[in-house]
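Engineer: What follows is a single structure, and I will ask about it in a moment.
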Amino acid sequence: MSKFKVKAHVDIFKCPICGSRMDLYQLKSLVCKANHCFDLARSGYVNFLLRAAKTGYDKSMLRSRNIICKSNFFKPLLVEISELLLQEIPNDGNKKLILDIGCGEGSHLNQILSMLRSKTSHVFEGVGVDISKEGIQIASKEYPEHVWCVGDLANNPFQSNKFAVILNILSPSNYAEFNRLLLKNGILIKVVPGANYLKELREAFYTGGEKQTYSNTKTVEHFKEKFALLDLREILYFVNINRADLEHLIKMTPLSWNVPTEKIEQVIRSGLNKITVEFTILYGKKCFGN
(Lines give C-alpha, C1' and ligand atoms only; values in the text may rest on other atoms or scores of the structure.)
Protein backbone atom coordinates (compact mmCIF):
# COMPACT_ATOMS: atom_id res chain seq x y z
CA MET A 1 0.00 0.00 0.00
CA SER A 2 2.86 2.41 0.76
CA LYS A 3 4.04 2.23 -2.85
CA PHE A 4 0.62 3.31 -4.10
CA LYS A 5 0.65 6.14 -1.56
CA VAL A 6 3.99 7.27 -2.99
CA LYS A 7 2.42 7.18 -6.46
CA ALA A 8 -0.57 9.22 -5.29
CA HIS A 9 1.71 11.89 -3.82
CA VAL A 10 4.60 11.85 -6.29
CA ASP A 11 4.23 15.61 -6.77
CA ILE A 12 5.55 16.31 -3.25
CA PHE A 13 9.03 14.91 -3.88
CA LYS A 14 12.17 16.71 -4.98
CA CYS A 15 15.57 15.23 -5.71
CA PRO A 16 17.89 15.78 -2.71
CA ILE A 17 20.85 16.00 -5.11
CA CYS A 18 19.71 18.53 -7.73
CA GLY A 19 16.36 19.72 -6.37
CA SER A 20 14.30 18.85 -9.44
CA ARG A 21 10.92 17.15 -9.47
CA MET A 22 10.65 13.38 -9.50
CA ASP A 23 8.58 10.77 -11.32
CA LEU A 24 7.72 7.25 -10.22
CA TYR A 25 8.59 4.40 -12.58
CA GLN A 26 6.81 1.04 -12.35
CA LEU A 27 6.25 1.46 -8.60
CA LYS A 28 9.96 0.78 -8.20
CA SER A 29 11.97 3.99 -8.37
CA LEU A 30 11.70 7.75 -8.00
CA VAL A 31 13.78 9.36 -10.75
CA CYS A 32 14.45 13.03 -11.44
CA LYS A 33 15.16 14.73 -14.78
CA ALA A 34 18.89 14.38 -14.18
CA ASN A 35 18.38 10.61 -13.72
CA HIS A 36 19.20 10.57 -10.04
CA CYS A 37 17.39 7.46 -8.87
CA PHE A 38 16.04 6.39 -5.48
CA ASP A 39 14.50 2.93 -5.25
CA LEU A 40 11.44 2.01 -3.22
CA ALA A 41 12.04 -0.72 -0.66
CA ARG A 42 9.84 -3.80 -0.71
CA SER A 43 7.71 -2.36 2.10
CA GLY A 44 7.28 0.89 0.16
CA TYR A 45 9.54 3.43 1.85
CA VAL A 46 12.15 5.52 0.02
CA ASN A 47 15.69 6.11 1.29
CA PHE A 48 16.81 9.60 0.23
CA LEU A 49 19.98 9.74 2.32
CA LEU A 50 23.06 10.44 0.23
CA ARG A 51 25.28 8.69 2.77
CA ALA A 52 24.61 6.33 5.64
CA ALA A 53 23.81 8.09 8.91
CA LYS A 54 24.94 6.99 12.35
CA THR A 55 22.31 7.53 15.04
CA GLY A 56 21.77 6.29 18.57
CA TYR A 57 18.46 4.81 17.47
CA ASP A 58 19.14 1.15 16.79
CA LYS A 59 16.49 -1.44 15.93
CA SER A 60 16.18 -2.67 19.53
CA MET A 61 15.62 0.85 20.85
CA LEU A 62 13.02 1.57 18.16
CA ARG A 63 11.18 -1.67 18.88
CA SER A 64 10.97 -0.62 22.51
CA ARG A 65 9.64 2.78 21.46
CA ASN A 66 7.03 1.06 19.29
CA ILE A 67 5.90 -1.05 22.25
CA ILE A 68 5.68 1.99 24.54
CA CYS A 69 3.73 3.97 21.95
CA LYS A 70 1.25 1.13 21.53
CA SER A 71 0.78 0.97 25.33
CA ASN A 72 -0.91 4.42 25.21
CA PHE A 73 1.96 6.04 27.11
CA PHE A 74 1.70 9.09 24.82
CA LYS A 75 -2.07 8.99 24.25
CA PRO A 76 -3.02 12.15 26.25
CA LEU A 77 -0.41 14.11 24.27
CA LEU A 78 -1.63 12.79 20.91
CA VAL A 79 -5.27 13.46 21.83
CA GLU A 80 -4.34 17.07 22.64
CA ILE A 81 -2.54 17.46 19.30
CA SER A 82 -5.42 15.98 17.32
CA GLU A 83 -7.93 18.26 19.07
CA LEU A 84 -5.75 21.28 18.35
CA LEU A 85 -5.61 20.33 14.67
CA LEU A 86 -9.37 19.85 14.49
CA GLN A 87 -9.84 23.33 15.93
CA GLU A 88 -7.37 25.04 13.62
CA ILE A 89 -7.63 23.32 10.23
CA PRO A 90 -10.48 24.67 8.08
CA ASN A 91 -12.91 22.16 6.60
CA ASP A 92 -12.68 23.47 3.04
CA GLY A 93 -12.94 20.09 1.31
CA ASN A 94 -9.29 20.01 0.32
CA LYS A 95 -6.96 17.14 1.20
CA LYS A 96 -4.58 18.04 4.02
CA LEU A 97 -1.03 16.64 4.08
CA ILE A 98 0.56 16.19 7.51
CA LEU A 99 4.35 15.79 7.60
CA ASP A 100 5.95 14.30 10.70
CA ILE A 101 9.62 15.33 10.72
CA GLY A 102 11.62 13.05 12.99
CA CYS A 103 8.83 10.49 12.96
CA GLY A 104 10.89 7.62 14.40
CA GLU A 105 8.99 4.34 13.96
CA GLY A 106 5.82 6.14 12.90
CA SER A 107 3.43 5.48 15.79
CA HIS A 108 2.75 9.12 16.70
CA LEU A 109 1.75 10.07 13.16
CA ASN A 110 -0.38 6.97 12.72
CA GLN A 111 -2.24 7.49 15.99
CA ILE A 112 -2.88 11.19 15.34
CA LEU A 113 -4.26 10.43 11.87
CA SER A 114 -6.49 7.69 13.29
CA MET A 115 -7.88 10.12 15.86
CA LEU A 116 -8.48 12.81 13.23
CA ARG A 117 -10.23 10.45 10.83
CA SER A 118 -12.50 9.15 13.59
CA LYS A 119 -13.73 12.66 14.44
CA THR A 120 -14.06 14.47 11.12
CA SER A 121 -14.81 14.10 7.43
CA HIS A 122 -11.64 16.07 6.58
CA VAL A 123 -9.33 14.16 4.25
CA PHE A 124 -5.93 13.79 5.94
CA GLU A 125 -2.87 12.06 4.49
CA GLY A 126 0.33 11.32 6.41
CA VAL A 127 3.99 11.57 5.41
CA GLY A 128 6.79 10.62 7.80
CA VAL A 129 10.51 11.27 7.46
CA ASP A 130 13.37 10.33 9.75
CA ILE A 131 17.13 9.94 9.45
CA SER A 132 16.88 6.47 11.00
CA LYS A 133 16.49 3.78 8.36
CA GLU A 134 15.61 1.27 11.07
CA GLY A 135 12.76 3.48 12.28
CA ILE A 136 11.33 3.93 8.79
CA GLN A 137 11.57 0.20 8.14
CA ILE A 138 9.34 -0.43 11.17
CA ALA A 139 6.95 2.38 10.18
CA SER A 140 6.48 1.17 6.61
CA LYS A 141 5.73 -2.38 7.74
CA GLU A 142 3.46 -1.44 10.65
CA TYR A 143 1.61 1.46 8.99
CA PRO A 144 1.62 0.95 5.20
CA GLU A 145 -1.24 3.40 4.63
CA HIS A 146 1.16 6.37 4.92
CA VAL A 147 4.21 7.62 2.98
CA TRP A 148 7.55 6.94 4.69
CA CYS A 149 10.99 8.30 3.81
CA VAL A 150 14.51 8.13 5.16
CA GLY A 151 15.86 11.64 4.84
CA ASP A 152 18.00 14.43 6.23
CA LEU A 153 16.33 17.09 8.38
CA ALA A 154 18.45 19.79 6.72
CA ASN A 155 17.77 18.52 3.19
CA ASN A 156 14.24 17.16 3.15
CA PRO A 157 13.27 15.41 -0.11
CA PHE A 158 10.07 17.43 -0.53
CA GLN A 159 8.92 20.32 -2.67
CA SER A 160 8.25 23.70 -1.08
CA ASN A 161 4.78 24.76 0.10
CA LYS A 162 3.23 21.28 0.13
CA PHE A 163 2.16 20.60 3.71
CA ALA A 164 -0.77 21.90 5.74
CA VAL A 165 0.78 20.66 8.99
CA ILE A 166 4.28 19.83 10.20
CA LEU A 167 4.65 17.79 13.37
CA ASN A 168 7.98 17.89 15.22
CA ILE A 169 7.56 15.72 18.29
CA LEU A 170 10.53 15.35 20.66
CA SER A 171 12.87 15.78 17.68
CA PRO A 172 15.44 18.33 16.46
CA SER A 173 14.19 21.32 14.47
CA ASN A 174 15.21 23.09 11.29
CA TYR A 175 12.98 26.16 11.09
CA ALA A 176 14.22 27.22 7.67
CA GLU A 177 13.04 23.87 6.29
CA PHE A 178 9.77 24.04 8.20
CA ASN A 179 9.13 27.47 6.70
CA ARG A 180 9.94 26.23 3.20
CA LEU A 181 7.77 23.13 3.38
CA LEU A 182 4.61 24.62 4.88
CA LEU A 183 1.76 26.08 2.89
CA LYS A 184 1.21 29.83 3.35
CA ASN A 185 -1.22 29.29 6.23
CA GLY A 186 0.32 26.02 7.35
CA ILE A 187 0.60 24.93 10.97
CA LEU A 188 3.74 23.90 12.86
CA ILE A 189 3.28 21.86 16.03
CA LYS A 190 6.43 21.23 18.02
CA VAL A 191 6.45 19.15 21.20
CA VAL A 192 9.25 19.44 23.75
CA PRO A 193 9.65 17.77 27.15
CA GLY A 194 8.47 19.66 30.23
CA ALA A 195 10.60 20.05 33.34
CA ASN A 196 9.00 16.97 34.95
CA TYR A 197 9.17 14.64 31.95
CA LEU A 198 10.40 11.23 33.19
CA LYS A 199 11.59 12.92 36.38
CA GLU A 200 11.73 9.58 38.20
CA LEU A 201 14.34 8.35 35.71
CA ARG A 202 16.28 11.63 35.79
CA GLU A 203 16.46 11.48 39.58
CA ALA A 204 17.48 7.82 39.58
CA PHE A 205 20.13 8.16 36.87
CA TYR A 206 21.55 11.62 37.57
CA THR A 207 21.10 12.45 41.27
CA GLY A 208 23.32 15.43 42.07
CA GLY A 209 24.32 15.96 38.45
CA GLU A 210 23.49 18.58 35.85
CA LYS A 211 21.03 16.29 34.06
CA GLN A 212 18.86 15.81 37.15
CA THR A 213 16.90 18.92 36.15
CA TYR A 214 15.74 20.11 32.73
CA SER A 215 14.33 23.35 31.33
CA ASN A 216 12.82 23.88 27.87
CA THR A 217 12.99 27.71 28.12
CA LYS A 218 15.69 28.13 25.45
CA THR A 219 13.83 25.84 23.05
CA VAL A 220 10.58 27.76 23.51
CA GLU A 221 12.32 31.12 23.01
CA HIS A 222 14.01 29.84 19.85
CA PHE A 223 10.61 28.76 18.48
CA LYS A 224 9.26 32.27 19.14
CA GLU A 225 12.18 33.78 17.22
CA LYS A 226 11.49 31.67 14.13
CA PHE A 227 7.70 31.20 14.05
CA ALA A 228 4.67 33.17 15.19
CA LEU A 229 3.63 31.41 18.41
CA LEU A 230 -0.17 31.24 18.49
CA ASP A 231 -0.65 28.87 21.39
CA LEU A 232 1.40 27.15 24.09
CA ARG A 233 -0.12 24.25 25.98
CA GLU A 234 1.29 22.42 28.97
CA ILE A 235 0.19 18.85 29.53
CA LEU A 236 1.01 16.85 32.66
CA TYR A 237 -0.13 13.33 33.51
CA PHE A 238 1.02 10.14 35.23
CA VAL A 239 1.39 6.65 33.79
CA ASN A 240 1.20 3.45 35.80
CA ILE A 241 3.85 1.15 34.42
CA ASN A 242 4.76 -2.50 34.88
CA ARG A 243 8.29 -3.87 34.96
CA ALA A 244 8.33 -5.03 31.33
CA ASP A 245 7.20 -1.64 30.02
CA LEU A 246 9.62 0.13 32.38
CA GLU A 247 12.45 -1.79 30.72
CA HIS A 248 11.23 -0.72 27.28
CA LEU A 249 10.81 2.90 28.42
CA ILE A 250 14.37 2.98 29.75
CA LYS A 251 15.68 1.43 26.54
CA MET A 252 13.88 3.96 24.32
CA THR A 253 14.85 7.17 26.13
CA PRO A 254 18.19 8.89 25.47
CA LEU A 255 18.31 9.58 29.21
CA SER A 256 19.66 6.05 29.66
CA TRP A 257 22.27 6.06 26.91
CA ASN A 258 25.32 6.87 29.09
CA VAL A 259 24.06 5.28 32.28
CA PRO A 260 25.97 2.24 33.63
CA THR A 261 24.16 -1.07 33.20
CA GLU A 262 24.25 -1.70 36.95
CA LYS A 263 22.34 1.50 37.68
CA ILE A 264 19.74 0.71 35.00
CA GLU A 265 19.22 -2.76 36.46
CA GLN A 266 18.90 -1.25 39.93
CA VAL A 267 16.10 1.07 38.73
CA ILE A 268 14.29 -1.82 37.03
CA ARG A 269 14.43 -3.84 40.26
CA SER A 270 13.38 -0.87 42.41
CA GLY A 271 9.65 -1.42 42.00
CA LEU A 272 9.12 1.92 40.25
CA ASN A 273 5.56 1.74 38.94
CA LYS A 274 4.50 5.31 38.15
CA ILE A 275 6.09 7.75 35.69
CA THR A 276 5.53 11.49 35.38
CA VAL A 277 4.91 12.73 31.83
CA GLU A 278 5.00 16.43 30.98
CA PHE A 279 5.15 18.16 27.60
CA THR A 280 4.97 21.65 26.16
CA ILE A 281 3.05 21.88 22.89
CA LEU A 282 4.01 24.86 20.71
CA TYR A 283 1.64 25.85 17.92
CA GLY A 284 2.73 28.42 15.37
CA LYS A 285 2.59 29.72 11.83
CA LYS A 286 5.10 31.25 9.46
CA CYS A 287 6.84 34.53 10.22
CA PHE A 288 7.32 35.86 6.72
CA GLY A 289 10.27 38.02 7.73
CA ASN A 290 12.33 34.90 8.52
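Engineer: Filter segment 30-42 down to residues that are open to solvent by less than 70 Å² (accessible area, probe 1.4 Å) and within 25 Å of the chain's Cα centre (by Cα), then give me how many there are.
Structural biologist: 4
Engineer: Since ARG51 meets every condition but one in (1) in contact (Cβ under 8 Å) with a residue 24 or more places away in the chain; (2) farther than 19 Å from PRO193 by Cα, which condition does it not meet?
Structural biologist: (1)
Engineer: If ASN240 passes every condition in (1) over 29 Å from ILE89 (Cα atoms); (2) at pLDDT below 95; (3) surrounded by fewer than 16 Cβ atoms within 10 Å (Cβ to Cβ) but one, which one does it miss?
Structural biologist: (2)
Engineer: Please tell me if LYS75 is over 26 Å from PHE238 (Cβ atoms) and open to solvent by 10 Å² or more (accessible area, probe 1.4 Å).
Structural biologist: Numbers: over 26 Å from PHE238 (Cβ atoms): no; open to solvent by 10 Å² or more (accessible area, probe 1.4 Å): yes.
It is false that LYS75 is over 26 Å from PHE238 (Cβ atoms) and open to solvent by 10 Å² or more (accessible area, probe 1.4 Å).
Engineer: Could you please give the count of residues in segment 169-192 that are among the polar types (S, T, N, Q) and either surrounded by 22 or more Cβ atoms within 10 Å (Cβ to Cβ) or under 15 Å from GLU225 (Cβ atoms) (or both)? Full working, then the answer.
Structural biologist: Pass one, segment 169-192, residues among the polar types (S, T, N, Q): 171, 173-174, 179, 185.
Of the ones still in play, those that are also either surrounded by 22 or more Cβ atoms within 10 Å (Cβ to Cβ) or under 15 Å from GLU225 (Cβ atoms) (or both) are 173-174, 179.
Number of matching residues: 3.
Engineer: Only residues that are of a type outside the set (A, V, I, L, M, F, W, C) and either modelled with pLDDT of 95 or more or closer than 15 Å to PHE13 by Cβ (or both): list them for segment 122-131, please.
Structural biologist: Narrowing segment 122-131 to residues of a type outside the set (A, V, I, L, M, F, W, C): 122, 125-126, 128, 130.
If the condition is that a residue be of a type outside the set (A, V, I, L, M, F, W, C) and either modelled with pLDDT of 95 or more or closer than 15 Å to PHE13 by Cβ (or both), then GLU125, GLY126, GLY128, ASP130 are the ones that fit.
Engineer: Right, next: Among the residues of segment 95-111, which ones are in contact with a His (Cβ under 9 Å, 6 or more places away or on another chain) and open to solvent by 10 Å² or more (accessible area, probe 1.4 Å)?
Structural biologist: LYS95, LYS96, LEU97, ASN110
Engineer: Can we say ARG21 is open to solvent by 90 Å² or more (accessible area, probe 1.4 Å), touching a residue at least 24 places away in the same chain (Cβ under 8 Å) and closer than 19 Å to GLU177 by Cβ? Walk me through it before giving the result.
Structural biologist: Numbers: open to solvent by 90 Å² or more (accessible area, probe 1.4 Å): yes; touching a residue at least 24 places away in the same chain (Cβ under 8 Å): yes; closer than 19 Å to GLU177 by Cβ: yes.
Yes, satisfied.
Engineer: Hey, can you tell me all the residues within segment 181-202 that are basic (Lys, Arg) and touching a strand residue (DSSP E or B) at 6+ places or on another chain (Cβ under 9 Å)? Please lay out each step first, then the result.
Structural biologist: Step one: list which residues in segment 181-202 are basic (Lys, Arg), which gives 184, 190, 199, 202.
LYS184, LYS190, LYS199, listed by residue number.
Engineer: Among residues belonging to segment 179-194 that are under 13 Å from TYR283 (Cα atoms) and hydrophobic (A, V, I, L, M, F, W, C), point out the one that is farthest from the chain's Cα centre (by Cα). Give the steps one after another, and end with the answer.
Structural biologist: Taking segment 179-194 first, the residues under 13 Å from TYR283 (Cα atoms) are 185-192.
Remaining after also requiring hydrophobic (A, V, I, L, M, F, W, C): 187-189, 191-192.
Working: ILE187: 15, LEU188: 12, ILE189: 10, VAL191: 9, VAL192: 11 Å.
So the residue we want is ILE187.
Per-residue answers, yes or no, for (1) of a type in the set (A, V, I, L, M); (2) closer than 21 Å to TYR237 by Cβ; (3) touching a residue at least 24 places away in the same chain (Cβ under 8 Å); (4) open to solvent by 10 Å² or more (accessible area, probe 1.4 Å):
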{"site": "LEU113", "(1), (2), (3), (4)": "yes, no, yes, no"}
{"site": "HIS122", "(1), (2), (3), (4)": "no, no, yes, yes"}
{"site": "LYS133", "(1), (2), (3), (4)": "no, no, yes, yes"}
{"site": "LYS141", "(1), (2), (3), (4)": "no, no, yes, yes"}
{"site": "HIS146", "(1), (2), (3), (4)": "no, no, yes, no"}
{"site": "GLY208", "(1), (2), (3), (4)": "no, no, no, yes"}
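Engineer: Tell me the residue from ILE112, ILE98 that is out of contact with any Ser or Thr (no Cβ under 9 Å at 6 or more places or on another chain) and at pLDDT 95 or above, please. Can you show your working first?
Structural biologist: Details: ILE112 fails: out of contact with any Ser or Thr (no Cβ under 9 Å at 6 or more places or on another chain).
Just a single option satisfies the conditions, and that option is ILE98.
Engineer: While we're here: Any residue that is more than 23 Å from LYS286 (Cα to Cα) and surrounded by fewer than 22 Cβ atoms within 10 Å (Cβ to Cβ) - is there at least one of those in segment 149-160?
Structural biologist: No, segment 149-160 contains no residue that is more than 23 Å from LYS286 (Cα to Cα) and surrounded by fewer than 22 Cβ atoms within 10 Å (Cβ to Cβ).
Engineer: Look through segment 266-285, keep the residues that are open to solvent by 50 Å² or more (accessible area, probe 1.4 Å) and in a strand (DSSP E or B), and return whichever of them is nearest to ILE81 (Cα to Cα).
Structural biologist: So, considering only residues that are open to solvent by 50 Å² or more (accessible area, probe 1.4 Å) and in a strand (DSSP E or B), the one nearest to ILE81 (Cα to Cα) is LYS285.
The values are calculated or read from the model by the stated rules, or taken from the named source; none is laboratory data. This is a predicted model, so every value here is computed, not measured. All Cβ positions, even for glycine, are placed from backbone atoms using ideal geometry, and neighbour counts span all protein chains on display. All accessible areas refer to the heavy atoms of the entire protein, side chains included, with ligands and DNA or RNA removed. Shrake-Rupley method; radii C 1.70, N 1.55, O 1.52, S 1.80 Å.
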